[in-house]
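This report concerns only the one structure given below.
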Amino acid sequence: MPIQWQDIVTDAISLRRELHKNPELGWQETRTAERIRTILSSLDIPWRQCADTGTIAWLNQHGKGHHIALRGDIDALPITEKTDLDWASGTAGCMHACGHDGHTATLIASARWLKAHEGQLPGPVTLIFQPAEEGGHGAREMIHDGALDGVDEIYGWHNWPAIPFGKLVSPDDIVMCGNGTFSITVNGEGGHASQPELCRDPVLAASAITMALQQVISRRLPPQSATVLSVTSIEAPSGATIIPSQAKLGGSIRISNEASREQVNRLIREIATQTATSYGVSCVVDIQSRYQATINHPAPAQRLRKLWQSLHGTSALHDGIALPIMASEDFSYYLREIPGAFALIGADDGRGHDKPCHSDQYDFNDRLIPMVTQLFAGLAGLPSRTDN
């Protein structure tokens, strides 16, 4: 009996909720990987382990046509879930708060549909189940382990609660910004709070550094640049009558290109060091680059948009959101290697799916699974689906 479309969708939703209930952090996705591989084996889809907890699988593996890859990320976040869903996380301090459970389930649904129609595929298809997207550079490690070998073009997506349901954003250039983190350790001389003149107060200096850094975007960079600099933490534990000897700052940057990264990093070091000196203390600045900007290639992005409109109507594209998105994605690694495109697809259907990614109230919108499965099938070269 031919595989039924609705059975694929129903099974994918069930899998999504199972994954949501059993989340695993980046590079710890052993159960998730085992579940993915078991399903692939049951479908007679060849696969191999890639970058430890990652998996790559192939359809029409020896086909001679254009070879595309489809990617889904599999890791969760260190967040305690605060929903009352039947499928809420059963793992303390860990939650699928970004929808990677849905991305994984969608790629599995796509695997089922593509396998059922493998003989119609015009070229090979690689499925990439990627670990450690959330800051773990999983894409980089998958590439190092051969995930893109022989691949001509790659596509990926992310659900986005800030966009109306079913609306797609996939520009011809930058989609999401690059990012980095920084820490600043301010070293002074502690002492009694009643004798500040005998101390060199790192708390006061840290406060001044924080205020000075907030002026980088407004006064040191052109207003046209898509850049964010946020101080996100100040730590200086002490007693009520004690001036401590050390304070620590932490923060994040978002940049649209590597030239902006170099400029922002230089300004952080310059401002922190000079401000510390003016307060009679010293500081150590540590800056860590994370992901580069996710930049689409025009032709694949145009293909993706055109296909989405053919599936969901000419009004299915969204132009009501400022680009680039200031969040970051390690899909950028793939797009630096080969042509491809990344899409944001709206999740907000007025039914509670407007909670932002990384919120402890977030839940993936299961209604996206069949829509994106159709998209992936079309990108792989299958005609519009039928129900048999």
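The values are calculated or read from the model by the stated rules, or taken from the named source; none is laboratory data. Quick caveat: nothing in here was measured; it's all calculated off a predicted structure. Here the Cβ positions follow ideal geometry from the backbone for every residue, glycine too, while neighbour counts run over all protein chains shown.
Looking only at segment 180-204, how many residues end up being over 17 Å from Val285 (Cα atoms) and of a type outside the set (A, V, I, L, M)?
11
Out of the residues in segment 234-262 meeting the condition of being part of a strand (DSSP E or B) and not aliphatic (A, V, I, L, M), tell me which one is nearest to Gly178 (Cα to Cα).
Here the residue is Arg254.
So which residues in segment 270-284 are without any contact (Cβ under 8 Å) to a residue 40 or more places away in the chain and within 18 Å of Ser245 (Cβ to Cβ)?
Across segment 270-284, the qualifying residue is only Thr277.
In the list Ala97, Ala162, which residue meets the criterion of being surrounded by fewer than 19 Cβ atoms within 10 Å (Cβ to Cβ), modelled with pLDDT of 95 or more and outside any helix (DSSP H, G or I)?
Ala162
Can you say whether Ala341 is under 30 Å from Pro2 (Cα atoms) and crowded, with 23+ Cβ neighbours inside 10 Å, as far as the supplied structure shows?
Considered against the rule, which asks whether it is under 30 Å from Pro2 (Cα atoms) and crowded, with 23+ Cβ neighbours inside 10 Å, Ala341 comes out as no.
Go over the candidates Arg290, Arg305, Arg336, Arg266 one by one and state the one that is under 29 Å from His96 (Cα atoms) and without any contact (Cβ under 8 Å) to a residue 60 or more places away in the chain.
Step by step, each of Arg290, Arg305, Arg336, Arg266 is checked, and only Arg336 is under 29 Å from His96 (Cα atoms) and without any contact (Cβ under 8 Å) to a residue 60 or more places away in the chain.
Checking Val231 against (1) surrounded by 17 or more Cβ atoms within 10 Å (Cβ to Cβ); (2) in contact (Cβ under 8 Å) with a residue 24 or more places away in the chain; (3) not in a helix (DSSP H, G or I), only one condition comes out false. Which one?
Here Val231 meets the rest and fails (2).
Look at segment 69-87 and say how many of its residues are in contact with a helix residue (DSSP H, G or I) (Cβ under 7 Å, 6 or more places away or on another chain) and surrounded by fewer than 24 Cβ atoms within 10 Å (Cβ to Cβ).
Looking only at that region, the number is 1.
Of (1) in contact with a strand residue (DSSP E or B) (Cβ under 9 Å, 6 or more places away or on another chain); (2) surrounded by fewer than 22 Cβ atoms within 10 Å (Cβ to Cβ); (3) at pLDDT 95 or above, Gln263 satisfies all except one. Which?
It is condition (3) that Gln263 fails.
Taking only segment 170-223 into account, find how many residues are in contact with a Phe, Trp or Tyr (Cβ under 9 Å, 6 or more places away or on another chain), of a type outside the set (A, V, I, L, M, F, W, C) and assigned to a loop (DSSP other than H, G, I, E, B).
Total satisfying the criteria: 3.
For Ala33, work out the one condition from (1) touching a residue at least 60 places away in the same chain (Cβ under 8 Å); (2) part of a helix (DSSP H, G or I); (3) surrounded by 21 or more Cβ atoms within 10 Å (Cβ to Cβ) it doesn't fulfil.
Unmet condition: (3).
Of all residues in segment 148-159, which are assigned to a strand (DSSP E or B) and of a type outside the set (S, T, N, Q)?
Listed by number, the residues that qualify are Glu153, Ile154, Tyr155, Gly156, Trp157, His158.
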